[in-house]
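> Attaching a single structure in structure tokens format; questions to follow.
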Amino acid sequence: MLRYVLRRLLTAIPTLFVIVTISFFLIRVAPGGPFNQEKGLNPVIKANLERQFGLDLPLWKQYLNYLGNLLHGDFGPSYNLPDFTVGELFRTGLPVSIQLGASALVLALAFGTILGIIAALNQNRGGDYAVVATATAGSTIPTFVIAPLFQLFFALTLKWVPVGGWGDGAWVNKIGPVITLMLPQLAIVARLMRGSMIEALRAHHIRTARAMGLSDYSVVVRHAMRGALLPIVSYAGPAAASLLTGSLIVEYIFAIPGVGRYFVDAALNRDYTLVMGTVVVIAIFTLVFNLIVDLLYAVVDPRVRYD
Amino acid sequence: MKHFSFKALLTGAAIMAITATGAFAEVVFNRGNSADPESLDPHKTSTVYEANILRDLFTGLMAQDAKAEVIPGAAESYTVSADGKVYTFKMRANGKWSDGTPVTAHDFVYSWQRLVNKDTAAEYAYMLAPVVNAEAITKGEKKPEELGVKAVDDLTFEVTLNAPTPYFLEMLTHQATYAISKANVEKFGADFIKPGNLVSNGAYMLAEFVPNDHIKAVKNPNFYDAANVQIDTVNYIPTEDRSTAMKRLEAGELDSNDDIPTEQLTELKAKFGDQVRIGPYLGTYYYAFKVDKAPWDNVKLRHAISMAVDRDYLAEKVWQNTMVPAYSFVPPGITGYEAQPTEYAEKTQLDREDEAKKVLAELGYGPDKPLKMEIRYNTSENHKNTAVAIQEQLKPLGIEVSLVNTDTKTHYGLLEQKGDFDIARAGWIADYKDPANFLDLCKTGTGNNYASYSNADYDKLMAEAAKGGDDRMKKLQEAEALGVARDLCVVPLLFYSYHTIVSSKLSGWENNVMDVHPTRFIKKN
């Protein structure tokens, strides 16, 4: 097991290197640069800026400099927010995104699984239809509709929560963003769980278990659910990586200082270092969560072994 | 960061302790600002979002009052030499930094040398261009010490200009010309702008900066006019999503916002009444023809297209009257200057269209030989709607317009590199109240001269105007009449308006063409 983990972590290094290299050159292909703007800069000033950030060097040299700094954990300065380094932006923003994303993920997994089981046990009856209808709605209504509706109803009409802002992490400020992030995930988890649970309940070993007179609880929770969780585990890995690294729409609408915005803003602003920073962060999250998923397989499914 | 949050916690605890004991009721102003500042270093800023914050944190030699008129700032008075080239500023004897140390002429010498220094790479280094040697220093041809500034003594600051510059005092209200404390920069190096480190000489001082969340500034007890500052704490809250900002204002989470979703103007006016403020702003929305490329080098053709554009429709239907039809480049609102509109400004749209058709026919364009034109614009719902409207307006004249939309960086990257295009969208917001700030854009070789317009007479008029003198405004008017009204170096379409929302709880927020509203003059009930 330990050897497997070590091997996976070692193979992650060349993967990261390839991702960094491709992204570094790809973003440079985009026309324009960080210092193009409505009020154009005079050429002397632009040259001064480019020299200050090392953008006047040949591209291969910039690449080597970037790699060198990256190996020391230095993501470089942000071109468009020079008061902060890319590292500082992530240090303040990532905890915010992780708190919201993790809460949404845990809730979605917990409720989604339960709803999925309820639906499966009541297949083609009222409970099932209710869950399926909710799930379909949850996954089809876009976030940018749910979020403003939530604000209108819970913040402006009922005045239970603030419209937006982080409020230094006060729990009332998190309700809206967490629910908005959670709903689509909840819907997907519930649908996946319903499907795999129906499948599992038809399996031979379940029929055997029932025939042996085991209680309903034991049949469902100890035997059927364990096998049915596998698709959820595979789904949860990539979902976690994307939830924990923030969502642009939720952060914009709820005015949340997370890192989701950087994925889009940085690219549009040609903030090369910030783009690279987000690429590295997402890559690391994705690699780590894929590893966790593979390890969880072994926990959930006794047939999987990594020795 | 640990150190930072601990401090924030302490400040928070202190504030709570004070309010709990009822020692005073803290007045907090939650001020919506469309975006976070790029930097709080006055010499590294470029947008109005920074200007709004820095104006509260710092005070330049000159300041702006609630109506954006120039008033004494860090300098209590000044004298100008007979030839108009030497300004001597008398600094305030009670002028202090927020750490209590005196603000001296040496701080301004240091700061201005820093601004023009090529290693600072200041985007607004040109705000000091009128000062002797400034431009040569930014180019790296001279040393920063050679800048035409001098500390005669601790409280006397002397500036020598290349030529009399009537708008020089106006420029001194711009954030790029603010001073930073030399001692402070030397102590903290590049980190001097961090909360807890930054000292400033304005009505407020920096307490917290959480990117994308808020910037908190508290009243500076060492400010020379602190006695007249009512608001204790200003929170600048970035409001990228304008619809959310309106809801936050309604819920009382914000007291003002510098922008509104103009597409919802009717609903907003119904809901918020005169808390919605719209008025003229010193900025022009224009299109630029690539005038060094056929057929756009033909000035008659340029005018024909300009005439065929129905600006009233654009202002009313596309921009919901948050813009005003424009026929000159320089917007109204600059004292002493009379804008020079194109000759068809006063005609009706029908007359203009007839005239345009005639010109097109003269030039041989018609159903057999349709004119093709490509409009380039940067991503924005309103830029798109404007371009689509113009496309429709030109269609009856047999002009086949195609639209190309790119993101902002691609758009301006192409314009700056003088890439190939027919006509492109651009805009200009004044840095200071002077027509030259607009008209400089049409000078030969200027970076923002996207049209690549070049006319020796125009350049000569602008050079003569730059020398100052009584007939300066007249020269500028002649320049505009020639370059804009006659030659269309830019095609003025619309004048910008400010559109803000200000809670009725606030007073002292005076409407003005610069949309400048220092917090020190604002009061909250």
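> What number of residues in segment B:138-157 are surrounded by 17 or more Cβ atoms within 10 Å (Cβ to Cβ) and either touching a residue at least 24 places away in the same chain (Cβ under 8 Å) or among the small types (Gly, Ala, Ser) (or both)?
Qualifying residue count for the region: 7.
> Looking only at segment A:11-36, which residues are within 14 Å of another protein chain (Cβ to nearest Cβ) and crowded, with 18+ Cβ neighbours inside 10 Å?
A:GLY32, A:GLY33, A:PRO34, A:PHE35, A:ASN36
> Any residue in segment B:112-131 that's facing chain A (nearest Cβ under 8 Å): show its pairings with residues that are among the polar types (S, T, N, Q) at Cβ separation under 6 Å, as long as the two are six or more apart or on different chains.
If the second residue must be among the polar types (S, T, N, Q), the pairs left are B:LYS118/A:ASN48; B:LYS118/B:THR138; B:ALA121/A:ASN48; B:ALA121/A:GLN52; B:GLU123/B:SER46; B:ALA125/B:THR138.
> So B:THR379 fits all but one of (1) within 14 Å of chain A (Cβ to nearest Cβ); (2) surrounded by fewer than 20 Cβ atoms within 10 Å (Cβ to Cβ); (3) modelled with pLDDT of 95 or more; what number is the exception?
It fails just one condition, (3).
> Taking segment B:413-426, which residues are in contact with a Lys or Arg (Cβ under 9 Å, 6 or more places away or on another chain), under 30 Å from B:GLN477 (Cβ atoms) and within 9 Å of another protein chain (Cβ to nearest Cβ)?
Listed by number, the residues that qualify are B:LEU415, B:GLU416.
> Quick check on this structure: which one of A:LYS39, A:LYS61 is of a type outside the set (Ser, Thr, Tyr), facing chain B (nearest Cβ under 8 Å) and either surrounded by fewer than 18 Cβ atoms within 10 Å (Cβ to Cβ) or touching a strand residue (DSSP E or B) at 6+ places or on another chain (Cβ under 6 Å) (or both)?
That would be A:LYS39, the only listed residue that is of a type outside the set (Ser, Thr, Tyr), facing chain B (nearest Cβ under 8 Å) and either surrounded by fewer than 18 Cβ atoms within 10 Å (Cβ to Cβ) or touching a strand residue (DSSP E or B) at 6+ places or on another chain (Cβ under 6 Å) (or both).
> Still on this structure: Could you please give the count of residues in segment B:427-452 that are among the aliphatic types (A, V, I, L, M), within 15 Å of B:GLU480 (Cβ to Cβ) and within 11 Å of chain A (Cβ to nearest Cβ)?
Count: 2.
> Right, another one. So which residues in segment B:260-284 are under 30 Å from B:VAL491 (Cα atoms) and within 14 Å of chain A (Cβ to nearest Cβ)?
Residues satisfying the conditions are B:PRO261, B:GLN264, B:LEU282, B:GLY283, B:THR284.
> Among the residues of segment B:87-103, is any surrounded by 22 or more Cβ atoms within 10 Å (Cβ to Cβ) and in contact with a Lys or Arg (Cβ under 8 Å, 6 or more places away or on another chain)?
Yes - at least one qualifying residue is present in segment B:87-103.
> For the list (1) at pLDDT 90 or above; (2) more than 21 Å from A:LEU274 (Cβ to Cβ); (3) away from chain B (no Cβ under 14 Å), I need the number of the one condition that A:GLY127 fails.
So A:GLY127 meets the others, but not (1).
> Would you mention how many residues in segment B:206-223 are in contact (Cβ under 8 Å) with a residue 40 or more places away in the chain and either in the same structural domain as B:ALA68 (by TED's automatic domain parsing) or under 13 Å from B:PRO37 (Cβ atoms) (or both)?
The total comes to 6.
> Among the listed residues B:LYS467, B:LYS523, identify the single one that is over 26 Å from A:GLN37 (Cα atoms), surrounded by fewer than 22 Cβ atoms within 10 Å (Cβ to Cβ) and modelled with pLDDT under 95.
When all the criteria are applied, what remains is B:LYS467.
> If a residue must be in a strand (DSSP E or B) and within 14 Å of chain A (Cβ to nearest Cβ), how many such residues does segment B:383-412 contain?
So the answer is 3.
> Still on this structure: Can you name the residue in segment B:205-235 that is hydrophobic (A, V, I, L, M, F, W, C) and in a helix (DSSP H, G or I) and, of all such residues, is surrounded by the most Cβ atoms within 10 Å (Cβ to Cβ)?
It comes out as B:ALA226.
The values are calculated or read from the model by the stated rules, or taken from the named source; none is laboratory data. All of these numbers come straight from a predicted model, not from anything done at the bench. With ideal geometry, Cβ positions are generated from the backbone for all residues, glycine too; neighbour counts draw on all protein chains shown.
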